[in-house]
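Engineer: Provided herewith is a single structure, encoded as structure tokens, for subsequent inquiry.
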Amino acid sequence: MKLIRFAVLVMLLALGVACGYSSKATTPPVAGNMPAIETLAPSSATHGGSSFTLTVNGNNFNSNAVVNWNNAAQTTTYVTGGQLTAAIPASAIDSPGTVSVTVTNPGTSGGPYGGGTSPETSKAVTFTIN
């Protein structure tokens, strides 16, 4: 009788391990929406000027998308899936040159087993400071 109990116990343990109950599987994130910038308004500013609102027109902007100015996230307002606005401080246009503007759609969590989406950043568009 003890031998039968032992055999059943070993079989149940083997079955539990074989079914993957010992650890949770994770799923890697999938690609998110890739944002694209078409135009900036304005597309340039004069150095030493005051703060301004930058309008970014394009497509595939998520409601939580962020406008990046020289890789630094700016205070961003979602208007539509094709338009965002960003508050650009006067200190950002202190000297002449060019600035890289991108839009990032943040990734989303997939829960306890992974998944979700990865963050995606648009190609850069150049803003000119005269």
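Engineer: Quick check of the Kirkwood formula: for the range 26-100, what is the inverse mean of 1/r over all pairs of different Cα atoms, in Å? Could you put the intermediate results ahead of the total?
Structural biologist: Working: mean 1/r = 0.0745 Å⁻¹.
That comes to 13.4 Å for the range 26-100.
Engineer: Express in nm, to one decimal, how much length is gained between S100 and N130 on full extension, taking 0.36 nm for each residue of separation and deducting their alpha carbon distance.
Structural biologist: On the way: separation 30, 0.36 × 30 = 10.80 nm, distance 1.46 nm.
Once the chain is fully extended between S100 and N130, it gains 9.3 nm.
Engineer: Using label points projected 7 Å from each Cα along Cα→Cβ, tell me how many nm separate R5 and T39, to one decimal.
Structural biologist: 8.2
Engineer: Further question on the same structure: Give me the percent relative contact order of the range 26-129, please, defined on Cα pairs under 8 angstrom at least 6 residues apart.
Structural biologist: 37 percent.
Engineer: Moving on. For the pair V79/S50, report the inter-label distance in nm, with labels modelled 7 Å from Cα in the Cβ direction.
Structural biologist: My value for the distance between the label points is 2.0 nm.
Engineer: A follow-up question, please. State, to one decimal in nm, how far the label point of S63 lies from the label point of A31, with both points 7 Å from Cα in the Cβ direction.
Structural biologist: 2.5
Coordinate-derived values only; no laboratory data. These numbers were taken from a predicted model, which means no experiment stands behind them. Methodologically, a virtual Cβ is constructed for each residue, glycine included, from the backbone with ideal geometry; neighbour enumeration extends over all protein chains shown.
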